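To start, the structure itself, in structure tokens.
The values are calculated or read from the model by the stated rules, or taken from the named source; none is laboratory data. None of the values given here were measured: they were computed from a predicted structure. Note: ideal-geometry Cβ built from the backbone for every residue, glycine included; neighbour counts use all protein chains shown. The area values use the complete protein model at the heavy-atom level, side chains included, leaving out ligands, DNA and RNA. Shrake-Rupley method; radii C 1.70, N 1.55, O 1.52, S 1.80 Å.
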Amino acid sequence: MKTKSTFYRISSLIGSFFLLLSVSAQSTIKGLVTDADGEGLIGVNINVVGSSFGTSTDLGGMYMIEVPAGSDQLEFNYIGYSRVVVNVSDASAGQLNVVMSTDKLAFDEILVTSTFSGRTQKDAPMSMTVLDAAKLSRLASNSQADVLRTVPGITAEGGGGEVATNLFVRGFPSGGQYAFTPLQIDGIPILSTFGLNSSAHDVFFRNDIGLRSLEFVRGGSSTLFGAGSVAGIVNYNSIRGSDDPVNKVQFEWAQGGRAKVDMLSAGKLADKLYYAVSGFYRYDEGPLETGLNTQGYQLRGNVKKIFNEGNSSLVVSTQIIDDKVQFYLPYPLDNSAGERERPIGNDGEEIFTMLSGQLRDFSFDTPFGRFKSPIGDGVSTKGGFAMMELKHGFGNNWSLSAKAKAASYEHWFNLFLDGDGVHNTPENQAGYLEDRELPDNASFSYTDTGEPLANDDLLFENRVLDRQRDMEELVAEINLTKTINEHNFTVGTFMANTTALDNNWIHNVLGDFSNSPRAVSIGYTDADGNDVSYSSSGYVEGSGRKTANKVIESAKIAFYAADEIKMDKWNFDIGVRWERASGQISSESGIGSNNFNKADVSANDFAVAIAALYKMRDNLNIYANFSRGYFFPQLRSVKFSAPGTAQSYETENVIQGEVGVKMASGDFSATGAVFFNSLTDRRNVDFVNDPNDPSNVIEFVQLQDTRTFGIEANVNYAITSNLDFYGNFTWQDHEFSTVEGNPEQEGNSIARIPNIMGMAGLSYDDGSFDANLSSNFLGSKFANNSNSVELDGFNIVRLDLGYKFGLSDQSDQSVRLGFSVFNLLDADGVTEGSPRQGNSQVAGGEFFVGRPILPRRIFLRATFEF
């Protein structure tokens with residue numbers, strides 16, 4: 001694979017491009033932004049309408065902004081408050097104070113995701129959800145799932161730990177990860193192509209306190225934008241610097257040996273030059289005790305320059321990450337009473353995981369030399385990106401936007417699987433020997449002490465899979481917008497080139513059946529009197545081998561055109577997109593044979609989206625949208641029908657429709673939507689045990705058609721000025737309409753997606769004391785597409801408490817002491833069965849292989865702002 005030279009060359013190029021340009025005469029306006037009670041609002045975004053000039057309020061609600069000559073209006077935006085537009089001429093002696101009123105649904109917050117012009121949620125004919133920085137900070141506990149499961153229509157599984165969240169949106173059969181819903185940062189995808197290997201997008205990025213907001217747009221209109229999407233776009237917006245400095249440091253402690261430091265600093269470097277830097281360092285021995293630690297850091301930063309009299313802006317952003325986290329897979333649960341509970345181990349203690357610090361550091365010979373397993377690192381990511389965004393307003397309502405990103409990562413996804421592929425459950429010692437045709441005189445001993453196993457101690461043989469997934473990517477997007485009366489026309493192009501490795505090594509390990517198993521050695525004397533070691537310190541001799549040697553490269557180019565029409569009573573969106581995707585696949589057939597299957601594949605397709613919104617009253621809008629879209633099959637799913645001859649590569653077709661309502665009246669606000677989608681020619685990829693070699697795992701590809709019909713609702717009610725109720729509800733009916741090779745599955749529910757889910761919570765904040773209590777419910781679902789195993793629903797309750805007070809006479813220096821609990825009631829619902837067993841898994845038996853949600857964990861935080 002190419003080195004990081006591309007990344008560093010482009011980083012240098014962007015740095016040299018960043019020039020300090022002159023500005024002309026302008027006026028200065030300053031003032032105070034408060035809520036209805038007179039409290040200063042922190043971080044309100046203030047923009048000069050029609051220019052790139054902007055700033056935000058400080059910790060006391062004060063602002064100062066320079067206004068170019070000829071500019072007439074200022075726009076004030078703050079999540080949770082109604083947008084305010086004021087005339088510059090209203091300023092008295094350069095002073096202009098503003099009072100903002102609450103908007104519980106954030107109807108008037110300007111959104112940037114899935115729109116070419118930037119518009120409010122109220123005016124957008126699609127479903128949207130917005131979370132501000134405070135909510136993001138308090139939701140984060142274990143993974144992206146903690147944040148995303150609060151959004152209507154999303155099923156997010158986070159039992160695996162901090163990364164590789166399995167994400168399902170509106171019944172689409174993604175198999176998890178981010179197949180139909182790309183993860184973005186500041187409008188650019190973390191990874192523009194899905195399916196070069198099975199690593200999820202969130203392995204390359206971590207949340208930190210430098211994020212301003214999350215915007216999640218659902219529905220088919222997202223097909224038009226950026227990298228294109230099917231089910232929606234998850235976009236995080238970073239904090240930008242302004243004239244008013246903001247500094248924040250957060251210390252976090254949690255049960256199980258977790259310590260984390262987050263920091264943020266943002267402000268002004270020079271005239272029209274601003275910065276923001278954020279990052280974290282984290283060490284964690286939990287949330288499950290494994291003897292394998294999670295440790296690492298991430299640094300992010302951006303610099304913004306405004307020039308050309310406020311008509312142009314350039315933002316350069318970077319990320320550096322070096323992080324290692326542990327990933328938890330399903331393991332045998334006690335099913336003797338049909339309850340699928342965490343089992344009791346040989347030591348009499350409850351078992352939470354089969355990851356083990358004793359079953360690491362093994363090495364074995366391969367055709368490419370000696371390989372040492374990096375399983376102790378878990379999921380490791382090292383690298384980063386450099387990104388540039390240039391905007392310019394030409395005048396006469398013409399504007400240009402250009403974005404570019406270069407990324408390079410060294411990435412390994414190493415994991416303990418969920419069994420040996422044959423037994424997958426604990427075994428007694430006699431049965432273990434018999435099944436492997438080992439002699440009766442074999443002895444079992446614990447490696448750490450040398451003591452023999454007790455006669456009734458159970459064994460568990462597992463597989464370790466090490467996967468090298470290095471990735472490099474170049475992305476660029478350019479669009480040109482022209483506003484003519486009520487029309488906002490945009491044309492643009494998106495380009496991306498991504499290269500990724502998919503190299504796999506596998507070996508077997510043997511431990512006892514206990515939490516974080518102890519390594520077990522097996523030795524015996526053969527018929528010739530020779531001492532033979534079957535398991536050395538837990539390594540099963542002869543099991544190690546390399547199973548995949550693959551490189552995949554993807555190239556995409558897309559062209560799109562759209563018109564956003566804004567009228568007195570009506571808003572319309574019309575857009576089309578054409579895209580071509582090509583791939584180069586190189587896969588060795590027979591590891592070490594030097595016989596490679598190589599092929600070039602390509603496909604192209606188009607998408608069309610139309611949407612309309614009607615303003616019935618000031619506080620009531622109805623909308624509808626429809627789209628015909630596509631999804632390019634995962635390149636890793638392409639098989640070879642003959643040496644050098646790849647199977648067909650054709651797009652998957654997507655039809656979506658939605659009708660909804662948005663309303664806000666006084667202290668009450670709500671949204672509701674009825675949606676439908678169908679997916680045809682879906683080339684689904686599952687990671688299953690190899691039927692011809694159960695000790696190995698393979699990618700099983702199957703064509704499917706699906707359809708989903710559902711209802712979403714979201715409500716907010718201000719009980720008092722400080723106390724709010726919020727909630728959402730989703731009902732969805734989903735099924736397979738066609739399943740290649742398994743017609744008996746037609747009409748079955750799609751695996752791992754519940755029919756019912758919802759959330760309800762109470763939030764209190766009086767400026768000093770804040771509290772939040774929420775309950776997130778996921779209904780029952782099936783573990784596999786054969787619907788042979790039904791998993792019970794479960795509830796995750798979260799509690800967050802905080803007290804904020806000043807540290808000096810200055811109002812902008814404070815500390816918030818926080819206490820939060822994830823999974824307050826310590827529910828142990830099962831999020832998934834064993835994907836490796838797939839449709840062959842059954843509900844009965846003494847043990848059931850599944851993955852419970854993570855147990856209760858208590859967090860303490862101290863957040864300093866100054």
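Within the stretch 389-404, find all residues whose amide N lies under 16 Å from a label point positioned 7 Å from the Cα of Lys482 along Cα-to-beta-carbon.
Of the residues in the stretch 389-404, 393-401 have backbone N under 16 Å from the label point off Lys482.
Calculate the FRET efficiency for Asn397 and Asn692 from the Cβ-Cβ distance with a Förster distance of 45 Å, rounded to the nearest 0.05.
Values: r = 64 Å, r/R0 = 1.42.
Once the sixth-power term is evaluated, E becomes 0.10.
At q = 0.23 Å⁻¹, what is the base-10 log of I(q)/I(0) for the stretch 384-448 according to the Debye formula with one equal point scatterer per Cα and no solvent? Please give it to two decimals.
-1.07
Could you sort 302-311, 753-762 so that the peptide with the highest average Cβ count within 10 Å comes first and the rest follow in order?
302-311, 753-762
Ranked from highest to lowest mean number of other Cβ atoms within 10 Å per residue, what is the order of the peptides 388-400, 148-160, 579-591, 437-449?
Listed from highest to lowest mean packing, they are 148-160, 579-591, 388-400, 437-449.
Quick check for you: with a 1.4 Å probe and neighbouring chains kept, what is the accessible area per residue of the stretch 153-219, in Å²?
Each residue of the stretch 153-219 exposes 9 Å² on average to a 1.4 Å probe.
Got a sec? Which residues in the stretch 551-568 would a label at Thr493 touch, if it sits 7 Å along Cα→Cβ and we count backbone N under 19 Å?
554-562
Give me the three principal axis extents of the stretch 579-649 from the C-alpha atoms, as integers in angstrom, largest value leading.
Principal-axis extents of the Cα atoms in the stretch 579-649, largest first: 71, 20, 15 Å.
Kirkwood Rh over alpha-carbon pairs of the stretch 622-699, then Stokes-Einstein at 20 °C and 1.002 mPa s: what D in µm² s⁻¹, rounded to an integer?
Rounded to a whole number, D works out at 129 µm²/s.
Based on the Cβ-Cβ distance from Asp322 to Ala827, what FRET efficiency comes out when R0 is 30 Å, to the nearest 0.05?
0.30
Please report the relative contact order for the stretch 724-866, taking Cα pairs under 8 Å with a sequence separation of at least 6, and give it as a percent rounded to a whole number.
That works out to 19 percent.
How many Å² of accessible area per residue for the stretch 318-361, probe 1.4 Å?
I get 39 Å² per residue for the stretch 318-361.
Across 20 Å bins from the origin, how do the percents of Cα pairs in the chain run, short distances first?
For the chain, the binned pair fractions read 14, 48, 31, 7, 1, 0 percent.
Show that you can apply the helix-only estimate: for the chain, add -39,500 (n - 2.57) for every DSSP H stretch of four or more residues, divide by all residues, and state [θ] at 222 nm to the nearest 500.
Numbers: 4 runs with 32 residues, N = 866.
For the chain, the value works out to -1000 deg cm²/dmol.
Would you please put 735-746, 202-213 in order of how densely packed they are, using the mean number of other Cβ atoms within 10 angstrom per residue and starting with the highest?
On the way: 735-746: 14.7, 202-213: 23.1.
Per-residue mean Cβ counts within 10 Å order the peptides as 202-213, 735-746.
Relative to the longest principal axis of the chain, what angle (0 to 90°, nearest 10) does the C-alpha long axis of helix 5-17 take?
For helix 5-17, the angle is close to 10 degrees.
How much accessible area per residue does the stretch 455-518 have, in Å², with a 1.4 Å probe? Walk me through the intermediate numbers first.
Details: 1790 Å² over 64 residues.
Here the per-residue accessible area is 28 Å².
When all C-alpha to C-alpha distances in the stretch 244-285 are sorted into bins of 10 Å, what percent of pairs does each bin hold, rounded to whole numbers?
27, 36, 22, 13, 3
7 Å from Cα along Cα→Cβ at both Asn653 and Val532: what's the point-to-point distance in nm?
The modelled label-to-label distance comes out at 5.9 nm.
Cα-Cα pairs above 20 Å in the stretch 160-279: how many percent?
Everything past 20 Å amounts to 54 percent.
Where does the charge balance sit around Gly747 when Lys and Arg score +1, Asp and Glu -1, over other residues with C-beta under 12 Å from its C-beta? Let's see the in-between values first.
On the way: positive: Arg707; negative: Asp705, Asp733, Glu735, Glu744, Glu746.
Net charge around Gly747: -4.
If you bin every alpha carbon distance in the stretch 340-452 into 5 Å steps from zero, what whole percent lands in each bin?
Final binned percentages: 2, 7, 9, 12, 15, 13, 8, 6, 5, 5, 4, 4, 4, 3, 2, 1, 1, 0.
Specify the inter-centroid distance of the stretch 820-866 and the stretch 764-812, based on alpha-carbon positions, in whole Å.
Measuring centre to centre over Cα atoms gives 15 Å.
Once the principal axes of the Cα atoms of the stretch 764-814 are found, what is the range along each, listed largest first in whole angstroms?
So the extents along the principal axes, rounded to whole Å, are 65, 16, 10.
Find the relative contact order for the chain and round it to a whole percent, using C-alpha pairs within less than 8 Å whose residues are 6+ positions apart.
For the chain, the relative contact order is 10 percent.
So what's the projected area for the stretch 276-386, the Cα convex hull averaged over all directions, in nm²?
Details: hull surface 52.4 nm².
Mean orientational projected area (the stretch 276-386, Cα hull): 13.1 nm².
Give me the tail of P(r) for the stretch 483-602 as a percent: Cα-Cα pairs with distance above 17 Å.
Within the stretch 483-602, distances greater than 17 Å cover 76 percent of Cα pairs.
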